[in-house]
Amino acid sequence: EHTMPHRQPLLTLIDSYSQQHPDEAATTARIRNFVTEQRLCFQRQLAMGHITGSAWLIDQSQQRVLLTHHRKLNIWVQLGGHADGESDVARVAMNEAEEESGLLNLHLVSPNIFDIDIHAIPARGDEVEHWHYDCRFLVQATGAEDYVVSDESHDLAWIELANVASLS
């Protein structure tokens, strides 16, 4: 199909992730089908849902991850956001990590997807409930770790990896 080329790099990343994580076959099939079927998958205007890019941002020691207490969702999550038409989802993750943390000297640890998650975003105002098809990349801070809280967050914090699962 002539409208697929901008989606092919992401499909290749999803296929690679799928091979490395056969236990996540249902999730990877679902995101693959979404990208294949939805020409506007990178646009937040697609009301049913859209691709998002996130960064698991680790510190130099690889012992902590920078999380944001998200203003709209009111939960602790990794940095990330809407692709807004950008089909290079790793670039989306990097840009969001920089914008939401104020950190410079960020390094994409691998061009491959680190984690995939599909989650419902509740209806809010005139926005209907929709799905975020989230492609997460591993990013490392290689310089100063003094973050700046943006207006999208209540707070940011470096969290020991062992404690991430206990956050709410």
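Taking the options VAL89, VAL128, VAL109, name whichever one is closer than 16 Å to LEU73 by Cα and either touching a Pro at 6+ places or on another chain (Cβ under 9 Å) or open to solvent by 20 Å² or more (accessible area, probe 1.4 Å) (or both).
The unique qualifying residue is VAL128.
What number of residues in the stretch 12-24 are among the aliphatic types (A, V, I, L, M) and either open to solvent by 80 Å² or more (accessible area, probe 1.4 Å) or out of contact with any helix residue (DSSP H, G or I) (no Cβ under 6 Å at 6 or more places or on another chain) (or both)?
Summing the residues that are among the aliphatic types (A, V, I, L, M) and either open to solvent by 80 Å² or more (accessible area, probe 1.4 Å) or out of contact with any helix residue (DSSP H, G or I) (no Cβ under 6 Å at 6 or more places or on another chain) (or both) in the stretch 12-24 gives 1.
Among all residue pairs at least 6 apart or on different chains, which show Cβ distances below 6 Å where the first residue, located in the stretch 26-37, is on the phi < 0 side of the Ramachandran plot and the second is polar (S, T, N, Q) and part of a helix (DSSP H, G or I)?
Listed pairs, sorted by first residue: THR28/SER18.
Looking at THR52, THR27, which one is touching a His at 6+ places or on another chain (Cβ under 9 Å) and either in a strand (DSSP E or B) or buried (at least 22 other Cβ atoms within 10 Å of the Cβ) (or both)?
THR52
Residue under question is GLU86, and the condition is that it be free of Cβ contacts under 8 Å to residues at least 12 places away in the same chain and acidic (Asp, Glu); does it hold?
Judged against the criteria, GLU86 is not a match.
Look at ARG39 and say whether it is under 17 Å from the mean Cα position of the chain (by Cα) and farther than 20 Å from PHE114 by Cβ.
no
Before we move on, is LEU103 crowded, with 16+ Cβ neighbours inside 10 Å, assigned to a strand (DSSP E or B) and in contact with a strand residue (DSSP E or B) (Cβ under 9 Å, 6 or more places away or on another chain)?
In short, no.
Any residue at all in the stretch 68-78 that is open to solvent by less than 70 Å² (accessible area, probe 1.4 Å) and closer than 15 Å to ILE113 by Cβ?
yes
The values are calculated or read from the model by the stated rules, or taken from the named source; none is laboratory data. As the structure is a computational prediction, the values presented were derived from the model and not from experiment. Reconstructed Cβ throughout: ideal geometry from the backbone, glycine too, with neighbour counts over all protein chains shown. Areas reflect the complete protein model, heavy atoms only, side chains present, ligands, DNA and RNA absent. Shrake-Rupley method; radii C 1.70, N 1.55, O 1.52, S 1.80 Å.
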